[in-house]
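All remarks here apply to the structure that follows.
Quick note: the coordinates plus some simple rules give every number you see, no bench work behind them. The structure displayed is predicted, hence computed values, not measured ones. Virtual Cβ from ideal backbone geometry, glycine too; neighbours counted across all protein chains shown.
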Amino acid sequence: MVRSTLVLVRSRGKAFSLAVVLLAGMMAPADAVLNKAKWRYSSVNTKWVAEAQLPIVTYTAQPTEIVLDTTVKYQTIDGWGGSPNEVGMKALQTLPAAMQDSVMRLLFDTVMVGCKFNMIRLPIGCTDFSLSGYTLNDGAGDYTMSKININRDIPGTIKFTKDALAINPYLKVWGSPWTAPPWMKNNNAWWGGGANTDECALKQDGATLTAYALYFSRAVSLYKNQGLPFFALSFQNEPRVCQPFPSTRWNGGVIMQNFMKNYLYPRMHADHPDVELWTPTMNVADHTYYSPLLDDTSTHIAAACFQYEGRDAIAWVHATYPRLKLYATELVCGGGDNQWSYAFNPTFLDVQFYISNGAGGAFQWNLILEKNGASGPMVNFRQNCMITMDTVAKTITLQPQYYVLKHFSYYIRPGSRVVRVTGNYAANVVGVQDPTNGNLVVVAQNVNTAARPVAIRFGTQMVTASIPASSFASFVIFDSSANSIRFTTASMNHPAVAGGSFRTSGEKFMLPSAYAGKTVSCAVHNLHGKFIRLVSTENREICLSRDFGMPEGVYVVKIAAVK
């Protein structure tokens, strides 16, 4: 259970601050009593329906079963997210400010409306969805990186990331480039004409490799100087081929191993020891292509990344290199038509496949695009995304990719552990347990054209529901007393109200009686003074829910307004 100390601090004027100090961890699963269940679904005609309660009953055999075995746990889920892009940012910035804020909250808000995304993949330089080719240093021959800068991205992808961070202060950022500066490549161009040639490969001389390692280190410094919580680096998007868009080929694991071991790791370890090094985003299923890189532990790789074309290598990598974290760093992209059927297959099945094979998270490529999903002037193709924007009508549309990812990310919180799932419906399911409270989460789909009754069994109990045709569903089985930050009973005299006191009551604490009958808005800050969120009450009760994305810690609650 959580123990707490409440400290009342006088602030300027008549406002007061209440420091809420959580002195212990959250309720352990052993303390949890799973006594309630809820679920919601999204279908082609009815999306993100309101949550509904489900009764928990004693298990009896059912025709269609999902069986959760919490005695067998697998990897930890680290999170969910996606990437901003220059083309999408251009479209977003044509919208009214309030609508731009709505788009960001639909993705990153951790309370009600958002996907609760906690990671962003930041492109380092241009991508296939940029307005034109650029890197962070296009000054040919600048081996000392004196000209490196992120000026072009500050009003675009960096602004997007900062806006996301303002909504979710626990957001983390990792990055990867699509291309090295052209002057470092064999063809001195953004891309090449042959998929399996070295035309667009990085030069392999020592001066170039040294400079490229410095390029990454200086880039990370620039991002950190912007206040971005940059925690991991993957040094190449899709390394296997020369793409018909910005790309850099790395012809095999030997040269990648050399760069990681002898250039990138030494530089990053010296300059940014807090930043993890990840593999390039694997875009080929032939695991022998990566073996030399992964075999050598002196490369200090922390995670293996998989683009959808390389997904079939994940099981082998997981079995062969259990030390590595695994991520689905780019889910399937589609062709821009954003069909509901595409969200079922391949998107849902891809996420389920990755998680079932050890992945600790999944990332959408394009989070936002203009309504036609076009890639922009550099290349000419279309892709799916989560939110599209009509820059003329000034409207936004939540696409099927939005709902399928949200059914995972909204309910499966970072830190959850994947559990063993059996039963005759297991192929359509991901099951996890939150170790902080014992809650069970199941995400399932029904691809059939008719509703599918299912039973979810856990121990000697179960819940049953009829999943509508062509829908995704999320189920949460929980201890109703453990879903909020909890406090022990404590009180202290309020210095402004005679006889008043702050009291905790179960999962809440009470404002003084002087605030009875008034609407009170409180601003929650961390101890560094960073604003976290607003909490309002009309009955003096303030509750800081863990569903707000607030881990155990110390928070200051300031009374901001009284009506």
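Odds and ends about this structure:
- For peptides 177-186, 134-143, sequence by mean Cβ density within 10 Å, most packed first: 177-186, 134-143
- Those lysines that a straight Cα-Cα span of less than 30 Å connects to LYS162, excepting residues fewer than 8 apart in one chain: LYS47, LYS90, LYS116, LYS147, LYS172, LYS224, LYS325, LYS371, LYS394, LYS406, LYS530, LYS558
- Contact order relative to length of the range 79-409, as percent, for alpha carbon pairs under 8 angstrom and 6 or more apart: 19
- Each peptide in 282-289, 391-398 receives the mean, over its residues, of other Cβ atoms within 10 Å, and ordering these scores from highest gives 282-289, 391-398.
- Charge context of MET389, other residues only, Cβ under 11 angstrom, K/R +1, D/E -1: +1
- Other residues lying with their Cβ under 11 Å from the Cβ of LYS147 contribute a combined charge of -1, Lys and Arg counting +1, Asp and Glu -1.
- Qualifying aspartates and glutamates (Cα of each under 17 Å from Cα of LYS185; at least 8 residues distant if same chain): ASP138, ASP142, ASP198, GLU199, ASP205, GLU238
- Only aspartates and glutamates eight or more places from LYS563 in sequence, or on another chain, were considered; those with a Cα closer than 18 Å are GLU538, GLU541.
- Solvent-free Debye scattering, log10 I(q)/I(0), computed from the Cα coordinates of the range 233-389 at q = 0.08 Å⁻¹: -0.25
- Summing charges over neighbours of ASP198, with a neighbour being any other residue whose Cβ is under 13 Å away from its Cβ, gives +3 when K and R count +1 and D and E count -1.
- Computed from the C-beta positions of ASN448 and ALA319 and an R0 of 22 Å, the FRET efficiency is 0.10 to the nearest 0.05.
- Simple Cβ-charge dipole of the range 79-409, Lys/Arg +1 and Asp/Glu -1, about Cα centre, in debye nearest 20: 560
- Binning all Cα-Cα separations of the range 272-320 at 10 Å, short to long from zero, yields these whole-percent fractions: 26, 56, 16, 1.
- Put simply, the convex hull of the Cα atoms in the range 79-409 casts, on average, a shadow of 15.0 nm².
- Shape analysis of the range 133-210 yields a ratio of the Cα radius of gyration to the Kirkwood radius, Rg/Rh, of 1.07.
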